[in-house]
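Single-structure report; data block below.
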Amino acid sequence: MRLRLFDYLSFSVALTAIAVFSLMAFEGAEQGSIVRVQIDGVDYVYPLTQDRTIRVDGPLGTTVVEIADRRVRVAESPCRDKICIATSWLSQAGDWTACLPNRVFVRVDRAEDPDLDAQTF
């Protein structure tokens with residue numbers, strides 16, 4: 001069986017489409033700049049650039065959220081399954097983890113307004 005001109009053209013179009021969609025998928029992964037910690041509907045916003053340890057009290061006890069090296073994670077939690085700890089480090093805008101039994105939600109976002117003042121944090 002011989003390949004014809006249309007076969008080569010089809011292969012090139014398919015490879016080009018794969019390359020374009022791959023670039024679009026990897027381009028969306030943007031470094032986050034803020035961390036939102038939500039407890040019972042109240043948002044607390046912290047810069048991702050400042051290392052700190054945050055202790056959050058929930059219905060089960062204290063959840064420890066750690067920000068270090070422009071990443072964030074749940075370091076300790078009183079929940080039974082510890083799925084929030086297994087999520088490990090988050091750094092890209094849109095990454096999130098939650099400790100549902102303790103009602104703690106952690107999300108990495110981009111800062112909406114670059115003119116935020118120090119009181120916001």
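Quick look at the values:
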quantity	calculated
Residue tally, condition more than 20 Å from Asp40 (Cα to Cα) and not in a strand (DSSP E or B), over region 55-80	2
Complete set of residues in region 56-84 that are in contact with a Leu (Cβ under 7 Å, 6 or more places away or on another chain) and of a type outside the set (Val, Ile, Thr)	Arg70, Arg71, Arg73, Pro78, Cys79
Test result for Arg52, of a type in the set (D, E, K, R), within 22 Å of Arg110 (Cα to Cα) and surrounded by 15 or more Cβ atoms within 10 Å (Cβ to Cβ)	no
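Since every read-out is calculated from the coordinates, none of them should be taken as a lab result. What you see is a predicted model, and the numbers here were worked out from it, not measured in a lab. Glycine gets a Cβ as well: all are built from the backbone with ideal geometry, and neighbour counts include every protein chain shown.
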